[in-house]
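Here is the structure we will look at, set down as structure tokens.
The values are calculated or read from the model by the stated rules, or taken from the named source; none is laboratory data. This is a predicted model, so every value here is computed, not measured. All Cβ positions, even for glycine, are placed from backbone atoms using ideal geometry, and neighbour counts span all protein chains on display. These accessible areas exclude ligands, DNA and RNA; they are computed on the full protein's heavy atoms, side chains included. Shrake-Rupley method; radii C 1.70, N 1.55, O 1.52, S 1.80 Å.
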Protein chains: 2
Amino acid sequence: MNELTKVILDESEIPEAWYNIQPDLPEPAPPVLHPGTHQPIGPDDLAPLFPMALIGQEVSQDRYVDIPGAVLDVYRMWRPTPLYRARRLEKALDTPARIYFKYEGVSPVGSHKPNTAVPQAYYNAQEGTKKLTTETGAGQWGSALAFACAQFDLECEVWQVAISFQQKPYRRTLMEIFGATVHSSPSDLTNAGRTIRAQDPESPGSLGIAISEAVEAAASDPSTKYSLGSVLNHVLMHQTVIGEESLKQLAMIEEKPDLLVGCTGGGSNFGGLSFPFIREKLAGKMSPTIRCVEPTASPSLTKGVYAYDFGDTIGMTPLVKMHTLGHDFVPSPIHAGGLRYHGMAPLVSHLKELGLLEAEAIGQVECFERAVQFARAEGIVPAPEPTHAIASTVRAALQAKASGEETVILTALCGHGHFDMGAYRAFLDGGLEDFDYPEEAVRQAMEKIPAVT
Amino acid sequence: MNELTKVILDESEIPEAWYNIQPDLPEPAPPVLHPGTHQPIGPDDLAPLFPMALIGQEVSQDRYVDIPGAVLDVYRMWRPTPLYRARRLEKALDTPARIYFKYEGVSPVGSHKPNTAVPQAYYNAQEGTKKLTTETGAGQWGSALAFACAQFDLECEVWQVAISFQQKPYRRTLMEIFGATVHSSPSDLTNAGRTIRAQDPESPGSLGIAISEAVEAAASDPSTKYSLGSVLNHVLMHQTVIGEESLKQLAMIEEKPDLLVGCTGGGSNFGGLSFPFIREKLAGKMSPTIRCVEPTASPSLTKGVYAYDFGDTIGMTPLVKMHTLGHDFVPSPIHAGGLRYHGMAPLVSHLKELGLLEAEAIGQVECFERAVQFARAEGIVPAPEPTHAIASTVRAALQAKASGEETVILTALCGHGHFDMGAYRAFLDGGLEDFDYPEEAVRQAMEKIPAVT
């Protein structure tokens, strides 16, 4: 065949600035509110948890923010990432669609998460932070932050949800290889943890509890700050290196996408891929359909309400306007742990409200069927989260086959599944369960969304 | 800093031919002998197990063998692989040495093994083979062959050593994702397996038994052939894409290595890296020291004898002249399963006898210490096998520091350790054992090396 399989960029072509979509929005996103006063919060409210550089980025109206040289140096360890043409998958599907995927699994921890972990560690180190705390479920975010902290000589302390700490020890080991300290959450180290353990000594933990512990540990020590791996504006901005590189790579082969597809949990991978394309779309340079894919078990964009709600389960964070299933909704135990979130990044939610993107929900059995088909064709075993993007891509490619259209599809393969073999084992053994839309649980959780007038 | 971190080649720069070192050898390697007659074997002896194209490559005197287009198309899924400058490791060691590593972990299964699995599957498919059988321990080779068979619509049947089948289910899952059938060995499917099970129903299996089962299954079905992942001449030749790319990459930055370091088990990764450099050295174009690194627990090159011996444990294969610890020597259970082999590739052994390379042995505790240091600096967690190459590289870099010399070191990072977190867990918990040179076991095993006159 001798046809191009992947588009490779030179190290010199890593983007030198992140793209901030905020000044390009047709109308600004609603402000973040103080949970007590319901008034917009200011920088001082966030200062105990985040360095000023990141607080500034959170509300910045600059279209581009320069990427510091020390961050670029770390990005060079794996960036630019390859853009693949999925020729073998196209052939297996017998589709006239041309399918491209941007592969973030080449990063040190196998996902897109270091794109933001590295600048977060950098800005903290610059401002004198000695230690970062965070929460993690299966460990994708925790391992990314552990790697990033190792690069800037920061301590890293991770509260990992107890059930994952016990049952999925591999990413914990990865975090420890990078020098992080990992606690099972709820722990005895915080008031939040002790309170939960007093109520339930055998608590399996939750992301909400782990957030409370990590935030408490950061707030109680001036040289310690807290780090979040998704949802926030600055996190999505750091991820735009994905979309900026993809734009360059598609331009090199003279392609323009008709459809962009990305999975959404907190929204950082999706925002990173899509925001630079939305910029081009708003400028009239291309007109792709832009599609979020979420699990049927946690369908915030397709079934949630657009309302002010808490970012965490317990209700300690500021109130953000987003698509939410209710902050104490606990999604069914699907394998895509990174998509088990009750809300959505405020910027992604806002863009949905503005009609700039659409969303669909897919069950995990279809996702894993398509992931295995993808792996046999393309060689890469996807993490459970991007199996959703792959399943949606295959749906679109089969639609293209039916209509005979040469649709150009771009999707984000945001991580590999090397640490998720348990999920594939369950699928191959026929033991994977599909979860319907949890109507009653969502209804109950939505009743607890605070009234904001 | 803004200094180059990695050297990237374009897809068009994948080598279009493999390098065959045989015609360049100062004297030819000793022939392979029939185990019964002790006479050199011919193509017909191998025909039940291998396709004619590979048998031809095994004894070829052509310096270059063209890589078929269909193989190049699959190589393009991950090749060319990056060559990294380990700047952060250099800084951590405070060494004037410049350290480069060629990283094969970007392949679909995370190691160098697909470089030969893909052409082996291709030539078999071309000659009408329907199914390939093989053995695997932890599963690195089995998963590479499973991936390759999926690319050429071949069935793949793998006998996996029982203890790994039970205790390390992750690479088994990976093989099954790619569509392979995996049996626990000893199995009830072959005479060899049934014989062992009759003697010991609870047998944990061994690579030797698994080879016997895979070979028997191939020999008893005309449309089934057998595939081996190391040791043989054609396997090492397929791996020379590693060294050829490295030569190009170093030339791009105007570097010549003073020292090449690679780990040796069966010798395929080492041969793949070093043979093109040995060609340059024999041609007087450079003069690097070329160093094999093996585990102290399985030190064939540093402690073995150079003699005709069987390639498998049971004694079914042809006799090959190599450095051997005795074919029924069973190495201690170090975590680098891929280095637990009693012998060495005949070509690597021959080059050692010719004085063209040297060898050292390192214990696994030092290897994992250096691997963790490497991971914190460079972000990549090495598989247990290349931790040996890293430990040797660090030794050389510290020597350079002591002498003040700007030594240029090139090493092969032949795979990542995502599937080997159990080994790192043991190391981090302080539970990793070092094994001394097993003098008495080797002495006993050497007594069983057949007398060939």
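Yes/no matrix, rows are residues, columns are (1) aromatic (Phe, Trp, Tyr); (2) over 20 Å from A:TYR170 (Cβ atoms):
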{"residue": "B:LEU154", "(1), (2)": "no, yes"}
{"residue": "B:GLN167", "(1), (2)": "no, no"}
{"residue": "B:TYR170", "(1), (2)": "yes, no"}
{"residue": "B:LEU174", "(1), (2)": "no, no"}
{"residue": "B:ASN191", "(1), (2)": "no, yes"}
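Report, by residue number, each residue of region B:121-132 that is open to solvent by less than 20 Å² (accessible area, probe 1.4 Å) and part of a strand (DSSP E or B). The one that is open to solvent by less than 20 Å² (accessible area, probe 1.4 Å) and part of a strand (DSSP E or B): B:LEU132. For A:VAL65, the conditions (1) open to solvent by 20 Å² or more (accessible area, probe 1.4 Å); (2) in contact with a strand residue (DSSP E or B) (Cβ under 8 Å, 6 or more places away or on another chain); (3) part of a loop (DSSP other than H, G, I, E, B) all hold with the exception of (3). Looking only at residues in region A:400-413 that are touching a strand residue (DSSP E or B) at 6+ places or on another chain (Cβ under 7 Å) and open to solvent by less than 10 Å² (accessible area, probe 1.4 Å), the one that is nearest to the other protein chains (Cβ to nearest Cβ) is A:LEU413. Among the residues of region A:4-35, those that are open to solvent by less than 60 Å² (accessible area, probe 1.4 Å) and either touching a Cys at 6+ places or on another chain (Cβ under 6 Å) or not hydrophobic (A, V, I, L, M, F, W, C) (or both) comprise A:THR5, A:LYS6, A:GLU11, A:PRO15, A:TYR19, A:ASN20, A:GLN22, A:PRO23, A:ASP24, A:PRO30, A:PRO35.
Just to be sure before I move on: is A:SER223 in contact (Cβ under 8 Å) with a residue 60 or more places away in the chain and open to solvent by 20 Å² or more (accessible area, probe 1.4 Å) in the structure I sent? When the stated conditions are applied, A:SER223 passes them.
Scanning region A:183-220 for residues that are in a loop (DSSP other than H, G, I, E, B), open to solvent by 30 Å² or more (accessible area, probe 1.4 Å) and modelled with pLDDT of 95 or more yields A:ASP188, A:LEU189. Residues that are assigned to a strand (DSSP E or B) and of a type outside the set (Val, Ile, Thr): does region B:424-443 have at least one? There is no residue in region B:424-443 that is assigned to a strand (DSSP E or B) and of a type outside the set (Val, Ile, Thr).
The residue of region A:230-264 that is farthest from A:HIS323 (Cα to Cα), among those that are touching a strand residue (DSSP E or B) at 6+ places or on another chain (Cβ under 8 Å) and small (Gly, Ala, Ser), is A:SER246. Give me a count of the residues in region A:133-153 that are surrounded by 24 or more Cβ atoms within 10 Å (Cβ to Cβ), among the hydrophobic types (A, V, I, L, M, F, W, C) and away from chain B (no Cβ under 11 Å). Number of matching residues: 3. In region B:425-453, the residues that are free of Cβ contacts under 8 Å to residues at least 60 places away in the same chain reach residues that are open to solvent by less than 80 Å² (accessible area, probe 1.4 Å) with C-beta atoms within less than 7 angstrom, at least six apart or across chains, in these pairs: B:ARG425/A:PRO169; B:ARG425/A:THR173; B:LEU428/A:THR173; B:LEU428/A:GLU176. Against the criterion of being on the phi < 0 side of the Ramachandran plot, assigned to a helix (DSSP H, G or I) and within 14 Å of chain A (Cβ to nearest Cβ), B:GLN166 qualifies.
With respect to (1) in contact with a helix residue (DSSP H, G or I) (Cβ under 8 Å, 6 or more places away or on another chain); (2) open to solvent by 20 Å² or more (accessible area, probe 1.4 Å), the lone exception for B:GLN444 is condition (1).
Taking A:ALA397, is it within 14 Å of another protein chain (Cβ to nearest Cβ), hydrophobic (A, V, I, L, M, F, W, C) and open to solvent by less than 10 Å² (accessible area, probe 1.4 Å)? No: the conditions fail for A:ALA397.
Determine which single condition B:SER111 fails, assuming it passes every other condition in (1) at pLDDT 95 or above; (2) away from every other protein chain (no Cβ under 14 Å); (3) out of contact with any Lys or Arg (no Cβ under 8 Å at 6 or more places or on another chain). Among (1) at pLDDT 95 or above; (2) away from every other protein chain (no Cβ under 14 Å); (3) out of contact with any Lys or Arg (no Cβ under 8 Å at 6 or more places or on another chain), the lone unmet condition for B:SER111 is (2). Could you tell me whether region B:426-434 includes any residue that is small (Gly, Ala, Ser), surrounded by 21 or more Cβ atoms within 10 Å (Cβ to Cβ), in contact with a helix residue (DSSP H, G or I) (Cβ under 9 Å, 6 or more places away or on another chain) and within 14 Å of chain A (Cβ to nearest Cβ)? The answer is no, given that none of the residues of region B:426-434 is small (Gly, Ala, Ser), surrounded by 21 or more Cβ atoms within 10 Å (Cβ to Cβ), in contact with a helix residue (DSSP H, G or I) (Cβ under 9 Å, 6 or more places away or on another chain) and within 14 Å of chain A (Cβ to nearest Cβ). No other residue among B:PRO15, B:PRO23, B:PRO48 is under 30 Å from B:ASP258 (Cβ atoms), assigned to a loop (DSSP other than H, G, I, E, B) and in contact (Cβ under 8 Å) with a residue 40 or more places away in the chain apart from B:PRO15. Just one of the listed residues (B:ALA423, B:ALA361) is more than 13 Å from chain A (Cβ to nearest Cβ) and of a type in the set (Gly, Ala, Ser), namely B:ALA361. Hey, any hits in region B:32-51 for a residue that's over 24 Å from B:LEU236 (Cα atoms) and within 14 Å of chain A (Cβ to nearest Cβ)? No, there is no match, as no residue in region B:32-51 is over 24 Å from B:LEU236 (Cα atoms) and within 14 Å of chain A (Cβ to nearest Cβ). Listed by position, the helices (runs of 4 or more DSSP H) enclosed by region A:228-339 that each have at least 1 residues that are open to solvent by less than 10 Å² (accessible area, probe 1.4 Å) and among the β-branched types (Val, Ile, Thr) are A:233-238, A:240-252, A:268-282. Within region B:368-394, being touching a Ser or Thr at 6+ places or on another chain (Cβ under 6 Å) and away from every other protein chain (no Cβ under 14 Å) holds for B:ALA389, B:THR393. Residues in region A:155-167 that are hydrophobic (A, V, I, L, M, F, W, C) and open to solvent by less than 20 Å² (accessible area, probe 1.4 Å) were compared, and the one that is farthest from A:THR190 (Cα to Cα) is A:CYS156.
The one condition from (1) more than 13 Å from chain B (Cβ to nearest Cβ); (2) closer than 19 Å to A:LYS113 by Cα that A:VAL182 does not meet is (1). Within region B:376-384, does at least one residue satisfy the condition of being under 24 Å from B:LYS281 (Cβ atoms), not small (Gly, Ala, Ser) and not in a helix (DSSP H, G or I)? Checking region B:376-384: not a single residue is under 24 Å from B:LYS281 (Cβ atoms), not small (Gly, Ala, Ser) and not in a helix (DSSP H, G or I). All of B:LEU54, B:LEU83, B:LEU93 fail the test of being open to solvent by less than 20 Å² (accessible area, probe 1.4 Å) and under 20 Å from B:VAL215 (Cβ atoms), apart from B:LEU54. Residues that are open to solvent by 50 Å² or more (accessible area, probe 1.4 Å) and touching a residue at least 40 places away in the same chain (Cβ under 8 Å) within region B:36-45 comprise B:HIS38, B:ASP45, listed in sequence order.
Restricted to region B:92-130, and to residues there that are in contact with a Leu (Cβ under 8 Å, 6 or more places away or on another chain) and among the aromatic types (Phe, Trp, Tyr), the residue that is nearest to B:ALA150 (Cα to Cα) is B:TYR123. What residue, among those in region A:98-107 that are buried (at least 24 other Cβ atoms within 10 Å of the Cβ) and not aromatic (Phe, Trp, Tyr), is nearest to the other protein chains (Cβ to nearest Cβ)? If we take residues in region A:98-107 being buried (at least 24 other Cβ atoms within 10 Å of the Cβ) and not aromatic (Phe, Trp, Tyr), then A:SER107 is nearest to the other protein chains (Cβ to nearest Cβ).
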